[in-house]
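Asker: Can you read through this structure? Questions will come right after.
The values are calculated or read from the model by the stated rules, or taken from the named source; none is laboratory data. Note that the structure is a prediction, hence the values are computed from the model and not measured. When we count neighbours, we look across all protein chains shown, and the Cβ atoms used for this are built from the backbone with ideal geometry, even at glycine. Accessible surface areas use protein heavy atoms only, side chains included; no ligands, DNA or RNA. Shrake-Rupley method; radii C 1.70, N 1.55, O 1.52, S 1.80 Å.
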Amino acid sequence: MIGKLYLIPTTLGDTEPLEVMPLSIKKVIEQIDYYIVENEKSARRFIKSIAPKKSQPSLTLKLLDKYAVEEETQRYLDVCAQGVNVGLLSEAGVPAIADPGASIVKLAHLQNVQVVPLVGPSSILMAMMASGMNGQNFAFNGYLPIDKGDRKRAIKDLERISLDKGQSQIFIETPYRNDKMLADLKAILSPNTNLCIAADITLPSEYIKTMSLQDWKYQQPDLHKKPAIFIIQK
């Protein structure tokens, strides 16, 4: 039998794993010893937190980070031909969504390896769920440009697309630049455009709020160094 590729979600922060994901995640991790991960230290910590009795020396961890060599990553699923199941772990949330794991999932399809997505927290979808915006028609845009002029044009373009298509526009920012992002949104977006900010999702400090830009002008939440999702809709 050919091994399968399991897409294994992780927590979005220091949360007890089984508080935010089903028991099936624990069962799968207890059965798999071969993993593809972004960071070995954090991956081992997560595996230990959800399956403390699992032997750490028995684990094989292959790195998929910015230093990974493509010629090597293209062989990461070769063990599936020997019947070995592989687990793909993201650094936070679900694999392959705003995550480099997508390249491994693509490889699995090319090699006819069955892909098994498991249930877990996705900050993008959870923010969309809680926003009160159009959940029938939305788009995730990743990071916006850093250059001031390019960023302004990108924000105005997303606002225009939102109005033309009735589409919620989702994007993210590096956590230490969140405050600057909010300042730019206040300065650029129309007063009647709605903005949702969802930060520290699933954590005790979780903050989710949707208001018009007119109302956001009087609000300044503490977003510094907190993972956050921004959603706009005009």
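Asker: Exactly one of (1) surrounded by 16 or more Cβ atoms within 10 Å (Cβ to Cβ); (2) closer than 17 Å to Leu7 by Cβ is unmet by Lys27. Its number?
Answerer: Among (1) surrounded by 16 or more Cβ atoms within 10 Å (Cβ to Cβ); (2) closer than 17 Å to Leu7 by Cβ, Lys27 violates only (1).
Asker: So which residues in segment 1-15 are part of a loop (DSSP other than H, G, I, E, B), under 12 Å from Tyr34 (Cα atoms) and either of a type in the set (D, E, K, R) or open to solvent by 10 Å² or more (accessible area, probe 1.4 Å) (or both), if there are any at all?
Answerer: We begin by selecting, within segment 1-15, every residue part of a loop (DSSP other than H, G, I, E, B); these are 1-4, 9, 11-15.
Among the residues that remain, those that are also under 12 Å from Tyr34 (Cα atoms) are: 3-4.
Correct list: Lys4 only.
Asker: Condition first: open to solvent by 20 Å² or more (accessible area, probe 1.4 Å) and in contact (Cβ under 8 Å) with a residue 60 or more places away in the chain. Now tell me which residues in segment 187-234 satisfy that.
Answerer: If the condition is that a residue be open to solvent by 20 Å² or more (accessible area, probe 1.4 Å) and in contact (Cβ under 8 Å) with a residue 60 or more places away in the chain, then Asn194, Thr202, Leu203, Ile208, Thr210, Pro227, Gln233, Lys234 are the ones that fit.
Asker: I need a count of the residues in segment 121-169 that are in a strand (DSSP E or B) and over 18 Å from the mean Cα position of the chain (by Cα).
Answerer: Count: 0.
Asker: While we're here: From the set of residues in segment 55-87 that are assigned to a loop (DSSP other than H, G, I, E, B), among the charged types (D, E, K, R) and modelled with pLDDT under 95, which is surrounded by the fewest Cβ atoms within 10 Å (Cβ to Cβ)?
Answerer: Lys66
Asker: Need pairs with beta-carbon distance below 8 Å; first residue in contact (Cβ under 8 Å) with a residue 60 or more places away in the chain and closer than 21 Å to Ala96 by Cβ and within segment 121-147, second β-branched (Val, Ile, Thr) and open to solvent by 50 Å² or more (accessible area, probe 1.4 Å); sequence gap 6+ or separate chains.
Answerer: Ser122/Ile97; Ile124/Ile97; Ala127/Ile208
Asker: Of (1) closer than 14 Å to Met128 by Cα; (2) hydrophobic (A, V, I, L, M, F, W, C); (3) in contact (Cβ under 8 Å) with a residue 60 or more places away in the chain, Leu163 satisfies all except one. Which?
Answerer: Going through the list (1) closer than 14 Å to Met128 by Cα; (2) hydrophobic (A, V, I, L, M, F, W, C); (3) in contact (Cβ under 8 Å) with a residue 60 or more places away in the chain, Leu163 breaks only (1).
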